[in-house]
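Engineer: First the structure, which I've put down as structure tokens, then a few questions once you've had a look.
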Amino acid sequence: MSDIDLNKIGTILKNRRSEKNMSIRDLAARSEIAASTISQIETGKTSPNLLTLQALCNALDLPVFSLFLDEDISNVRLVRHNEQQTFIRNISNGKALVESLITQGRNEMWGAIIDIPSNSDSGTYAHHGGEELVFILEGCISFELENYNTYVLEKYDCLYYPNYIGHRWTNTSDIDAKMLIISTSPYKF
């Protein structure tokens, strides 16, 4: 767990107070927090408790959680269509299952679009950590969750499952299918 950045919290509160054209005394009156305490918080010299932060944020029309958001722009990823990394995951019945990554870099989750040829499958059950969500973009896929159910997913259907449950899919139709997959498991290819 990362340390709480008191200077960052103080700066956010001070900037919001300035945006609202409020003095420290104005904020003290609205929040019922002493002006000296507000000054120490804004300069990062004291660690406020949650009730103090809530009172200040209420007086500033600011959500408390915004004080703790990581606004590091390096966490934002844009991957243009022509930048997607495409590869063949495996071959099923002589047909390539093409996967295109739609996320890149170090992320908490990854996404991909998988083109699934007619009469093909993903192979044996996969088991791994994390969670997945699949969304059918085209066609129809039979999605099996080991020791649970088999789900027939059609266009725009969505299925979520924890990855410790074995999972596999089959396209038994004569029409190609396409699905979007979002996963929190470590990505390997």
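The values are calculated or read from the model by the stated rules, or taken from the named source; none is laboratory data. The model shown is predicted, which means the values in this text are computed figures rather than measured ones. Don't worry about glycine lacking a Cβ; one is built from the backbone with ideal geometry, like all the others, and counts go over all protein chains shown.
Engineer: Looking at (1) crowded, with 18+ Cβ neighbours inside 10 Å; (2) at pLDDT below 95; (3) at positive phi, which one does G130 not meet, given that it meets all the others?
Structural biologist: For G130, the exception is condition (1).
Engineer: If a residue must be surrounded by 15 or more Cβ atoms within 10 Å (Cβ to Cβ) and in a helix (DSSP H, G or I), how many such residues does region 36-63 contain?
Structural biologist: Here the count works out to 13.
Engineer: In region 156-170, which residues are crowded, with 16+ Cβ neighbours inside 10 Å, within 20 Å of the chain's Cα centre (by Cα) and assigned to a strand (DSSP E or B)?
Structural biologist: L159, Y161
Engineer: From the set of residues in region 1-35 that are outside any loop (DSSP other than H, G, I, E, B) and among the polar types (S, T, N, Q), which is farthest from F65 (Cα to Cα)?
Structural biologist: S18
Engineer: I would also like to ask the following. Working only within region 112-140, note down all residues that are outside any loop (DSSP other than H, G, I, E, B), free of Cβ contacts under 8 Å to residues at least 40 places away in the same chain and under 27 Å from E83 (Cα atoms).
Structural biologist: none
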